[in-house]
Amino acid sequence: HTKLTWKNPGKSILYSGSHKCAGFNHQIICTLDGKFLAITDPVRGARYDVYAYQFHQLEIFLDEYALADKGYIGSGLLIPTKRKALVGESRATVKENKSRVNRLRSVVERVIAQVKTWRVLHTGFRYPLSSYGMVFLVVRALIFFAAGYPL
């Protein structure tokens, strides 16, 4: 999620109540060995992760063993078990499921952290909103270049 800072708060379409700021939602896809596969174009404003996943039609790129966090409930991806899912399952089974999924997802979180080292993607964007698209394209190209992909 990229935060935006601007002087005209009247653009409420970009405001995210959960983050208490305005911004865009980007989706990052990588392999379990940390190789970047995709960083999507931004989805504007107050959108859940599962909405951005469906908006970009990312399900066509992933198989039934793709992992995600709890923000993707209902998408068909493997997610850690929610606390309320204890009905019919033993507590040890649920704990083991969470542990396995989170252990695998730690690689994904490191990839996301690498993307967020680009300050423009994790702090307030203070330039004209119309320039964000071009700035993001340049940063995405540099991320893939740094990861060893040819331009």
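The values are calculated or read from the model by the stated rules, or taken from the named source; none is laboratory data. These numbers were taken from a predicted model, which means no experiment stands behind them. A quick note on method: Cβ atoms are made from the backbone with ideal geometry, for glycine too, and the neighbour counts reach across all protein chains shown. Only protein heavy atoms, including side chains, enter the accessible area calculation; ligands, DNA and RNA are left aside. Shrake-Rupley method; radii C 1.70, N 1.55, O 1.52, S 1.80 Å.
Quick notes on this structure:
- When S75 is tested against (1) modelled with pLDDT of 80 or more; (2) touching a helix residue (DSSP H, G or I) at 6+ places or on another chain (Cβ under 8 Å); (3) over 19 Å from I112 (Cα atoms); (4) open to solvent by 40 Å² or more (accessible area, probe 1.4 Å), just one condition goes unmet, and that condition is (4).
- Residue match in the range 132-151 (condition: open to solvent by less than 80 Å² (accessible area, probe 1.4 Å), of a type in the set (A, V, I, L, M) and either part of a loop (DSSP other than H, G, I, E, B) or at positive phi (or both)): yes
- Count of the range 118-131 residues which are part of a helix (DSSP H, G or I) and either of a type in the set (A, V, I, L, M, F, W, C) or at pLDDT below 80 (or both): 5
- In the set (1) modelled with pLDDT under 80; (2) within 17 Å of the chain's Cα centre (by Cα); (3) open to solvent by less than 50 Å² (accessible area, probe 1.4 Å); (4) more than 19 Å from G23 (Cβ to Cβ), T81 fails one condition alone, (2).
- Matching residues, the range 96-117, being surrounded by 11 or more Cβ atoms within 10 Å (Cβ to Cβ) and in a loop (DSSP other than H, G, I, E, B): K116
- Taking the criterion of being within 13 Å of Y72 (Cβ to Cβ), open to solvent by less than 100 Å² (accessible area, probe 1.4 Å), modelled with pLDDT under 85 and assigned to a loop (DSSP other than H, G, I, E, B), no residue of the range 31-60 qualifies.
Residue by residue, here is whether (1) within 15 Å of D69 (Cα to Cα); (2) of a type in the set (K, R) holds:
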residue: E96; (1), (2): no, no
residue: S99; (1), (2): yes, no
residue: R105; (1), (2): yes, yes
residue: V111; (1), (2): yes, no
residue: T117; (1), (2): no, no
